[in-house]
Structure formats: structure tokens, C-alpha cells
Amino acid sequence: MNIENKLIYEGKAKKIFANNNPAEVIVEFKDDATAFNAAKKSSFEGKGELNCFISETIFKYLTNQNIPTHYINSNSKSSFIAQKVDIIPLEVVVRNTAYGSICKQTNIKPGTVFKEPLIDFYFKDDDLNDPLLTIDRIKLMGIIEQEELIVIRELTNKINLILTEFFSTIQINLVDFKVEYGRNHNGQIVLADEFSPDNCRLWDLQANNGNIKSLDKDRFRHDLGDLIEAYSEISNRIKKIFISST
């Protein structure tokens, strides 16, 4: 029986469909954009294709750097085939430069560059508004084993080093980002979900006026400019430098 195209899950920015291989899924990117836990919503034509291309390119790049990911291969302009994984309900946030919530919750000034990346864990639960977790709370809640948490921290640090250099090559500062992990059918922890301007802050290093020029979803969050223009700029820079090597 052909089970392909059966919708398994629909999130704010993606749909997950079954594939004929039960160990695989099809990840389709939507044109929708949300912010502030979906309090602000809109749609931008072409956004799904741009995020799919950027995510695919980054997953391929990370795979070549020996980072395990759920990505398998391309499917269409707005979708790719991935391993079916059980998502670990943790949002792992890496901060290289202080901005956003970290500055609202502490006395750290925006733009402060950290000597070492700060890794924060949030409980992936919209009803609870994705609260910040301590290591002890993660243990108390039984979300993940301590050994697995160590694996996730190590992978996240490696990903940060690799992608900081990746974006620097195309004159972009990787300020912060969110990633998610899952267990595949072999029980291996792999990088899952996506890596796109929707889930990271990217500042244009080519901006010459001394001001921050965002090339990410902050444009939508705070009405800073055209979203598709920014995502297209990232896509074009990636194609110019990296497309031949992925």
C-alpha cells in the first residue's frame, strides 16, 4: 500500500509526511511565518523553498563534517527526505553574541560577544511557552539520560564551530541558533528539524553603517525589512561559495 503523502504532523513552518520506506519521512517547508509563539502570523511566497534549500545545504555540509543528521536526500524545491526520528523534547539554543531574551533576562548588554558559547536548554512545549530548563530539571523530568545530554552538548559545540566558520565565509555573523535532536530507528541521536534563518540570528558583516542588519526572522518579528529579500541574500551567497562543494 502506498502511504506516501499521508500527513503525520503539521507544525508552524513545516509539514511531515509519511514515505513508502517506514524509516523515512518527507519534510515539507511552508511559506508561513510565525513569531512570539504564533501570536504574530503571516505568509511569504517562496519562503518554504528558500528555507528548504538553506537547510538542505547546511545538513549536507554538516554530514560531510561527520555530524549525524536526519537528512537523506532532496525531494522537491520545498521538501526533502529524512530519517524518521523520535524528537527529543528539548530546544537547544546556542548563543555566541548576546541578543534578544538573554538580555531581557540578565544584565548582559546586547552585542556582548561571549568568550565561550552559551548553551541553553528549553522544554519543547508550546502550552508551557517553552520554559528554560536547568540540568537538574532535565534529569528530574526524565527527558533524556545524562550520557545522551553529554552527546548532545558535544554535537552542538561541534555544529557551532563548523557553522560559525561556514557563515563567516559568506560574510555573515552567526549570532545564535536553535537546534533539535531526535533518535532514529537505530537509537542514534541525530540533528533533526531544520537549520534556516527561521531558527537563528544572522547579521550581515557587509553592512557598513555600523548598525545591525538582520538577515533572519527578526525582520518579521520586529518589522525590520523584507523577509524574502534577506532569505534570498543568504541563499545567493551560499550558492556562490558552497553549492559546488555540497
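The values are calculated or read from the model by the stated rules, or taken from the named source; none is laboratory data. In this text, all values refer to a predicted model and were calculated from it rather than measured experimentally. Note that we place each Cβ from the backbone using ideal geometry, even for glycine, and neighbour counts take in every protein chain shown.
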**Message:** I want to confirm something. Restricting to segment 176-211 and keeping residues that are over 20 Å from L90 (Cα atoms) and either basic (K, R) or touching a Leu at 6+ places or on another chain (Cβ under 9 Å) (or both), which single residue is surrounded by the fewest Cβ atoms within 10 Å (Cβ to Cβ)?
**Reply:** D204
**Request:** Determine whether segment 206-224 contains at least one residue that is in a helix (DSSP H, G or I), under 18 Å from the mean Cα position of the chain (by Cα) and closer than 20 Å to E165 by Cβ.
**Result:** no
**Item:** Some residue of segment 54-73 being in contact with a Leu (Cβ under 8 Å, 6 or more places away or on another chain) and over 13 Å from L191 (Cα atoms)
**Value:** no
**Asked** Which members of segment 130-141 meet the condition of being part of a loop (DSSP other than H, G, I, E, B), over 22 Å from E116 (Cα atoms) and either without any contact (Cβ under 8 Å) to a residue 60 or more places away in the chain or more than 18 Å from the chain's Cα centre (by Cα) (or both)?
**Response** P131
**Item:** Those residues of segment 77-131 which are under 25 Å from E49 (Cα atoms) and of a type in the set (K, R), in sequence order
**Value:** K77, K84
**Item:** Sole exception among (1) of a type in the set (S, T, N, Q); (2) surrounded by 17 or more Cβ atoms within 10 Å (Cβ to Cβ); (3) within 19 Å of Y122 (Cβ to Cβ) for N157, by number
**Value:** (2)
**Request:** Any residue in segment 142-165 that's touching a residue at least 40 places away in the same chain (Cβ under 8 Å): show its pairings with residues that are of a type in the set (S, T, N, Q) at Cβ separation under 6 Å, as long as the two are six or more apart or on different chains.
**Result:** I162/Q65
**Complete:** Checked against (1) without any contact (Cβ under 8 Å) to a residue 40 or more places away in the chain; (2) surrounded by 14 or more Cβ atoms within 10 Å (Cβ to Cβ); (3) part of a loop (DSSP other than H, G, I, E, B), N20 satisfies every condition except (2)
**Request:** Count, please, the residues in segment 70-98 that happen to be over 20 Å from I8 (Cα atoms), crowded, with 20+ Cβ neighbours inside 10 Å and either outside the structural domain of F177 (by TED's automatic domain parsing) or touching a Pro at 6+ places or on another chain (Cβ under 6 Å) (or both).
**Result:** 1
**Message:** Could you check segment 109-118 and list, in sequence order, the residues that are in a loop (DSSP other than H, G, I, E, B) and touching a helix residue (DSSP H, G or I) at 6+ places or on another chain (Cβ under 6 Å)?
**Reply:** P110
**Item:** Failed criterion for I102 (all others in (1) of a type outside the set (D, E); (2) more than 17 Å from the chain's Cα centre (by Cα); (3) surrounded by 12 or more Cβ atoms within 10 Å (Cβ to Cβ); (4) outside any helix (DSSP H, G or I) hold)
**Value:** (4)
**Prompt:** Which condition number in (1) in a loop (DSSP other than H, G, I, E, B); (2) hydrophobic (A, V, I, L, M, F, W, C); (3) within 25 Å of F29 (Cα to Cα) is the one that I159 fails?
**Reply:** (1)
